[in-house]
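Take a look at the structure below.
The values are calculated or read from the model by the stated rules, or taken from the named source; none is laboratory data. Note that the structure is a prediction, hence the values are computed from the model and not measured. Methodologically, a virtual Cβ is constructed for each residue, glycine included, from the backbone with ideal geometry; neighbour enumeration extends over all protein chains shown.
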Amino acid sequence: MSAFFLHLYQMKRIGVMTSGGDAPGMNACIRAVVRSAAFHNVEVVGIRRGFQGMIENEMSLLNVNEVGNIIQYGGTILKSARSKEFMTVEGRRKAYDNLVANNVEGIVCIGGNGTYTGAGVFYNEYGIPSVGAPGTIDNDLYGTDFTIGYDTAVNTALDAIDRIRDTADSHNRIFFIEVMGRDSGFIALNSGLAGGAEAILLPEIMNDYDDLIANFEDNTKRKKAFSIIVVAEGETNGHAFEIAEKFKARFSEFDIRVSVLGHIQRGGKPSANDRVLASTLGNAAVEQLLAGNTNVCVGVVNQEVKVTSYSDAISNRKSINPVLWNLSKILSY
Ligand code: F6P
């Protein structure tokens, strides 16, 4: 398409979908997409259940009124899925035919790396442009300081840690608390630091189990209470139950419990931060798509909207903040 044509042509109808694990703030992002598109007189089709709904033709127009009164809710009104069928050539062909039948000319995909990968392959095969918005509680996406849903999930985990600390303290127990994050430790590090955990075990840190043992022995000598150990689900030493078993075998005189927080971290009202981020990025994604950009995702870095190619977002790994990690060690002394 020539630059001249790109300049004159504006899409008339775009799609929006949520894909992968849901995250608080996805609804705020859907609302921002629909209303930002309306601002440019562009219609929006809501695609249900991500790529799977595209394949099964589950899509219909979403108007500005239909996205009213959803900003405060967790989950996603469009529902979400991890589609195996979209990984097949036949699945993507069906998805393309359905988009064409519904006159959808481009898509805003709210999700994570898997979503960006699928959308990128789809563009290469069928030329359907797309822009990604980072929606996942894990915060594991390159190209944005924070992902939509992460702030809420950290606060949910923190609330649980605070409650567990009450009972841990009353009974002089040690709790291993497992938090989500897939193979990243963002939720663990921030909820652990904010919750005053005595130890935090992260997939990004080598030898953290040995450190835990050394710290525990030292704390015991100093008679310092030791009650909360936050374990990231992707921790390389194993899940919280396995680590607790190993720990128990060595320190059998202590009363040890395990609590896996699980999907509670995915639900609930999005925090103000997540709503603002979701609104900003939903708007930015529409602006990028209508400007003719594709195969990129939007993010916020140092308080500014940033655009990153899918390939960069997928191939780079975002690191945890080593300063916060060191701080957590200093403050748990
Ligand atoms: O990506 C979000 C996430 O909640 C991860 O933290 C977790 O590993 C995974 O999804 C759980 O997936 P599911 O809901 O399919 O069990």
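Among residues of the range 19-60 being of a type outside the set (Gly, Ala, Ser) and in a strand (DSSP E or B), the one that is nearest to the ligand (Cβ to nearest atom) is 47. Of all residues in the range 78-105, those satisfying the criterion of being under 30 Å from residue 271 (Cα atoms) and either modelled with pLDDT under 95 or small (Gly, Ala, Ser) (or both) are 80, 81, 83.
Checking 194, 214, 168 one by one, the residue that is more than 16 Å from the ligand (Cβ to nearest atom) and in contact with a helix residue (DSSP H, G or I) (Cβ under 7 Å, 6 or more places away or on another chain) is 194 and no other.
Just one of the listed residues (257, 275) is part of a strand (DSSP E or B) and either over 23 Å from the mean Cα position of the chain (by Cα) or not small (Gly, Ala, Ser) (or both), namely 257. Residue pairs whose Cβ atoms lie under 8 Å apart, separated by 6 or more positions or on different chains, with the first residue in the range 128-144 and assigned to a loop (DSSP other than H, G, I, E, B) and the second of a type in the set (Phe, Trp, Tyr) and more than 11 Å from the ligand (Cβ to nearest atom), are 128/96; 128/122; 129/123; 139/146. Can we say residue 236 is in a loop (DSSP other than H, G, I, E, B) and more than 18 Å from the chain's Cα centre (by Cα)? Spelling it out, residue 236 is indeed in a loop (DSSP other than H, G, I, E, B) and more than 18 Å from the chain's Cα centre (by Cα).
Answer yes or no as to whether residue 75 is more than 19 Å from residue 116 (Cα to Cα), at pLDDT 95 or above, under 19 Å from the mean Cα position of the chain (by Cα) and among the small types (Gly, Ala, Ser). In short, yes. Would you check which residues across the range 85-112 are touching a Leu at 6+ places or on another chain (Cβ under 8 Å) and either of a type in the set (A, V, I, L, M) or part of a strand (DSSP E or B) (or both) and list them? Selection gives 107, 108. Test residue 115 against the criterion of being closer than 26 Å to residue 260 by Cα, within 16 Å of the ligand (Cβ to nearest atom) and either assigned by TED's automatic domain parsing to the domain that holds residue 293 or at pLDDT 95 or above (or both), and give yes or no. In short, no.
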